[in-house]
Amino acid sequence: MNTRRDFIKKGLVAGATAAALPSLGNLVAADAPASGGVPDLITVKGEDRVAMLDRALEAFGGIGAFVKKGQKIVIKPNIGWDKPPELCANTHPDIVARLVTLCLGAGASEVSVFDNTCDQWDKSYKTSGIADAARAAGARVLPANNDSYYRDIEIPGGVSIKKVKVHTAVLDSDVFINVPVLKHHGGATMTACMKNLMGIVSKADQRSYHRNGLHQCIADILSFKKPDLNILDAFSPMKRNGPKGVTVADLDTSVKQLLISRDIVAIDAAASRIMGHKRDIEHVRIAAEAGHGRNNLGELKIERVRMTA
């Protein structure tokens with residue numbers, strides 16, 4: 001990939017109004033290392049999801065910065081819905097497959113992929129294209145539709161939830177990679193990296209979230225576990241009728257971005273601007289106030305890259 005042809009993108013979102021975006025300071029050149037180390041957040045705009053992923057990972061030192069030889073990796077996409085890739089209700093299968101390939105190439109002993117889906121799990125896995133793509137790349141594709149796949153864990157410092165059942169793939173992994181798709185959500189306002197973690201808990205716990213303060217519960221789980229890496233598929237965000245969507249008319253196909261950060265709060269703060277929110281949505285604010293990450297984008301080292309053909 002020819003990164004010499006990358007150039008700095010002027011705004012976080014193509015076509016976004018200046019009023020919708022905060023000051024994003026500490027911008028660095030696409031071909032120069034960030035002063036003092038890697039960026040806190042990188043956003044790449046382009047036409048090829050796989051090339052965008054590779055370019056974004058370069059800024060963090062490649063997949064080897066996260067995955068070491070012999071480690072067990074779990075990749076958690078959004079596979080919630082029995083919808084095909086072109087409707088963007090789920091993470092795009094090309095991103096998942098590429099991640100599996102990269103992790104195995106870095107020496108991972110195994111890579112597992114799963115989600116506790118909303119629609120019937122086997123149909124969602126199939127129709128999304130994720131199960132076939134992940135298996136072809138060498139991953140173990142795990143079910144998550146039965147309580148036997150979960151273990152009880154305590155939530156230290158949880159406000160609304162004190163105990164949940166978490167999928168064993170997360171509990172037994174060495175590296176946890178969170179790979180959601182960006183969408184509107186009627187209850188949570190937005191589903192991105194934090195909301196995607198509802199897919200690691202049991203169905204009973206998912207229902208409990210909705211009864212006990214959804215935004216607080218979304219933030220509470222971070223007291224137990226934060227992903228080692230967050231990769232947000234914002235290629236064609238679903239701006240309405242989320243989280244399942246109806247037609248391609250629900251999508252903003254002009255965005256064409258992929259965001260990566262270790263900081264789950266920072267990446268969701270940026271995602272909320274892509275969705276047109278001038279202020280942080282509630283679970284992002286709660287998580288930042290609890291010390292789970294940073295939501296002041298003006299204080300972050302952000303690398304913004306636009307890839308050319």
Partner aspartates and glutamates whose C-alpha sits under 13 Å from that of LYS45, ignoring same-chain residues fewer than 8 away, are ASP6, ASP54, ASP233, GLU303
Quick note, the range 187-255: a/c under 1.5 would make it rounded; otherwise a/b > b/c is prolate and the rest oblate (a ≥ b ≥ c, C-alpha gyration tensor); here it is oblate
Inter-part gap, Cα centre of the range 122-172 to Cα centre of the range 205-257, in whole angstrom, is 16 Å
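Rounded to the nearest 5, what % of the DSSP beta bridges within the range 36-307 are antiparallel ones? Spell out each step's value before the answer.
Values: 20 of 40 bridges.
Expressed as a percentage, antiparallel bridges in the range 36-307 total about 50.
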Carbon plus sulfur, as percent of the 1.4 Å-probe accessible area of the range 36-307, comes to 46 percent
Counting only protein heavy atoms and leaving out ligands, DNA and RNA, the solvent-accessible surface of SER112 at a 1.4 Å probe, in Å² to the nearest 10, equals 10 Å²
A correct Kirkwood calculation over the Cα atoms of the chain returns a hydrodynamic radius in Å of 19.1 Å
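List the pairs from LYS68/LYS226; LYS72/LYS244; LYS69/LYS225; LYS203/LYS256 whose alpha-carbon separation is above 28 Å, in the order I gave them.
LYS72/LYS244; LYS203/LYS256
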In nanometres, the difference between 0.36 nm per residue of separation and the alpha-carbon distance of GLU289 and ASP48 is 83.2 nm
Simple spin-label estimate for HIS210/ALA136, 7 Å along Cα→Cβ, in nm, reads 3.4 nm
Note on the range 148-245, DSSP bridge orientation, antiparallel percent to nearest 5 equals 70 percent
Simple SL model, points at 7 angstrom along Cα→Cβ for ARG279 and GLU154; separation in nm is 3.6 nm
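So for SER272, SER223, what's the accessible-area order with a 1.4 Å probe, most first?
Values: SER272 0, SER223 35 Å².
The ranking, largest first, comes out as SER223, SER272.
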Expected field for ARG294, accessible surface area in Å² at 1.4 Å probe radius, rounded to 10, holds 100 Å²
Expected max-MSF residue from PRO156, PRO237, PRO93 in the GNM of the chain (alpha carbon, under 10 Å) is PRO156
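Starting from 0.36 nm per residue, how many nanometres of slack lie between GLU58 and LYS225 once their C-alpha separation is accounted for? Spell out each step's value before the answer.
Numbers: separation 167, 0.36 × 167 = 60.12 nm, distance 2.52 nm.
Separation in residues times 0.36 nm, less the Cα-Cα distance, equals 57.6 nm.
By accessible area of protein heavy atoms, probe 1.4 Å, what ranking do TRP81, TRP121 get, highest first?
Working: TRP81 35, TRP121 80 Å².
Listed by decreasing accessible area, they come as TRP121, TRP81.
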The range 89-106 and the range 45-86 have their Cα centres apart by a whole-number Å value of 5 Å
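Order PHE224, PHE176 by their accessible area, 1.4 angstrom probe, all chains in place, largest first. Don't jump to the answer; show the numbers that get you there.
Details: PHE224 65, PHE176 0 Å².
From most exposed to least exposed: PHE224, PHE176.
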Counting only DSSP beta bridges fully inside the range 167-309, the antiparallel percentage to nearest 5 is 70 percent
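Restricting to DSSP H runs of at least four residues, report the calculated mean residue ellipticity at 222 nm for the chain, -39500 (n - 2.57) per run over all residues, nearest 500 deg cm²/dmol. Kindly include the intermediate steps, with their values, before the conclusion.
Values: 10 runs with 81 residues, N = 309.
That comes out to -7000 deg cm²/dmol.
Shape call for the range 151-309 from the C-alpha gyration tensor, a ≥ b ≥ c root eigenvalues: rounded (a/c under 1.5), prolate (a/b greater than b/c) or oblate? Before the final figure, lay out the partial values.
Numbers: a/c = 1.64, a/b = 1.42, b/c = 1.15.
Here the range 151-309 falls in the prolate category.
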Expected field for LYS203, accessible surface area in Å² at 1.4 Å probe radius, rounded to 10, holds 70 Å²
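Explain nothing, just the number: relative contact order of the chain, from Cα pairs under 8 Å at least 6 residues apart, as a whole percent.
Values: 708 pairs, mean separation 84.4, N = 309.
With pairs under 8 Å counted, the relative contact order is 27 percent.
Could you provide, to the nearest whole Å², the per residue accessible area of the chain with probe 1.4 Å?
Details: 12080 Å² over 309 residues.
For the chain, the per-residue accessible area is 39 Å².
The values are calculated or read from the model by the stated rules, or taken from the named source; none is laboratory data. These numbers come from a predicted model, not from an experiment. Every residue, glycine among them, receives a Cβ derived from its backbone with ideal geometry; neighbour counts consider all protein chains shown. For the accessible areas, the whole protein counts, side chains as well, though only heavy atoms, and no ligand, DNA or RNA atoms are used. Shrake-Rupley method; radii C 1.70, N 1.55, O 1.52, S 1.80 Å.
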